[in-house]
Amino acid sequence: FSSFYLIFFGAVLIIIFEYSNNSGLWKYNWIDRIVSAIFHSVSTRTAGFNTVDLSGFTDATLSIMSALMFVGASPGSTGGGIKTTTITVIFLAIVNYVRGSNTVNFNYRKINVEQVYKALVIFSFSFLYITFVAIFISKLEKISYIHSLFEVISAFSTVGLSVGNGDVLSLSAKFTTLGKIIIMSTMFIGKIGLISFVIALSKKPK
């Protein structure tokens, strides 16, 4: 269900934030707009293909697509991101807390508190890492923060989308050597999982 909601609301928000943007979806007819919005809502979480030039999208649209890339695919797939289960557990924890419950329940079942902590740690570590790297890339490459954030999340979630720069499809292709190394490292860290990476570096041998 979480994948369905993400696809549906992602497509709706893309259409809303692209409204009257003649550099983006509004250069096409309504059928193409709807199909493109649905396609990119799916593609940001799995395949990483784009059918239109993303450099023409508004910052609001790129923010929505960045959020979808950050969540990523479901655990049973080979897609990246923090996974739909992680964001679902956090959402359920918030809902149950607002309702005054001391436990996280769903469909008359209780989610183990360790799983809630794990989801929060994955989300927090990933969010902090991406934010820091995006700020650094933005200053290093002298690009807008939203474009930097899009590139970093795309690398972290191993999606492959890029806003381009009007000359090449990949904005990262124009990065400096240091910028490219950071993007490649982010792809590696995102693929094996940030928590696994941190544990591997910090765990002391017996």
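Side notes on the structure shown:
- Screening Pro75 against (1) in contact (Cβ under 8 Å) with a residue 12 or more places away in the chain; (2) in contact with a helix residue (DSSP H, G or I) (Cβ under 6 Å, 6 or more places away or on another chain) leaves a single unmet condition, (1).
- Remark: pairs (first residue in the range 173-184, exposed (fewer than 14 other Cβ atoms within 10 Å of the Cβ); second residue of a type in the set (D, E, K, R); Cβ separation under 7 Å; 6+ apart in sequence or on different chains) = Thr176/Glu141.
- Restricting Thr51, Thr85, Thr61, Thr44 to residues that are within 18 Å of Ala119 (Cβ to Cβ) and of a type in the set (S, T, N, Q) narrows the list to Thr85.
- A Cβ distance below 6 Å, combined with a sequence gap of six or more or placement on separate chains, defines the contacts here; from the range 1-24, residues that are at positive phi reach residues that are open to solvent by less than 70 Å² (accessible area, probe 1.4 Å) in the pairs Ser20/Trp26.
- Checked against the criterion of being touching a Phe, Trp or Tyr at 6+ places or on another chain (Cβ under 7 Å), open to solvent by less than 60 Å² (accessible area, probe 1.4 Å) and more than 16 Å from Ser157 (Cβ to Cβ), the candidates Ile90, Ile111, Ile82 yield just one match: Ile90.
- Residues in the range 1-18 that are among the hydroxyl-bearing types (Ser, Thr, Tyr) and surrounded by 13 or more Cβ atoms within 10 Å (Cβ to Cβ) were compared, and the one that is modelled with the lowest pLDDT is Ser2.
- Residues of the range 151-161 that are within 12 Å of Gly48 (Cβ to Cβ) and either crowded, with 23+ Cβ neighbours inside 10 Å or touching a strand residue (DSSP E or B) at 6+ places or on another chain (Cβ under 8 Å) (or both): Ile153, Ser154, Ala155, Ser157, Val159, Leu161.
- Against the numbered list (1) at pLDDT below 90; (2) part of a helix (DSSP H, G or I); (3) of a type in the set (A, V, I, L, M); (4) under 18 Å from Ile82 (Cα atoms), Val159 comes up short only at (2).
Matching residues to (1) outside any helix (DSSP H, G or I); (2) over 30 Å from Thr176 (Cα atoms); (3) touching a Ser or Thr at 6+ places or on another chain (Cβ under 9 Å):
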residue: Gly79; (1), (2), (3): yes, no, yes
residue: Thr85; (1), (2), (3): no, yes, yes
residue: Phe91; (1), (2), (3): no, yes, yes
residue: Asn96; (1), (2), (3): no, yes, yes
residue: Gly100; (1), (2), (3): yes, yes, no
residue: Phe125; (1), (2), (3): no, no, no
residue: Leu128; (1), (2), (3): no, no, no
residue: Lys139; (1), (2), (3): no, no, yes
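- Inter-residue pairs, beta-carbon under 9 Å, first under 14 Å from Thr85 (Cβ atoms) and in the range 99-115, second open to solvent by 60 Å² or more (accessible area, probe 1.4 Å) and of a type outside the set (A, V, I, L, M, F, W, C), 6+ apart: Val104/Tyr97; Val104/Lys110; Val104/Asn112; Val104/Gln115; Ile111/Asn105; Gln115/Thr85
- Total residues in the range 29-48, condition part of a loop (DSSP other than H, G, I, E, B), open to solvent by 70 Å² or more (accessible area, probe 1.4 Å) and touching a residue at least 12 places away in the same chain (Cβ under 8 Å): 1
The values are calculated or read from the model by the stated rules, or taken from the named source; none is laboratory data. Note that the structure is a prediction, hence the values are computed from the model and not measured. Because the Cβ atoms are built from the backbone with ideal geometry, glycine has one as well, and the counts that use them run over all protein chains shown. Protein only, heavy atoms only, side chains kept; ligands, DNA and RNA dropped before computing areas. Shrake-Rupley method; radii C 1.70, N 1.55, O 1.52, S 1.80 Å.
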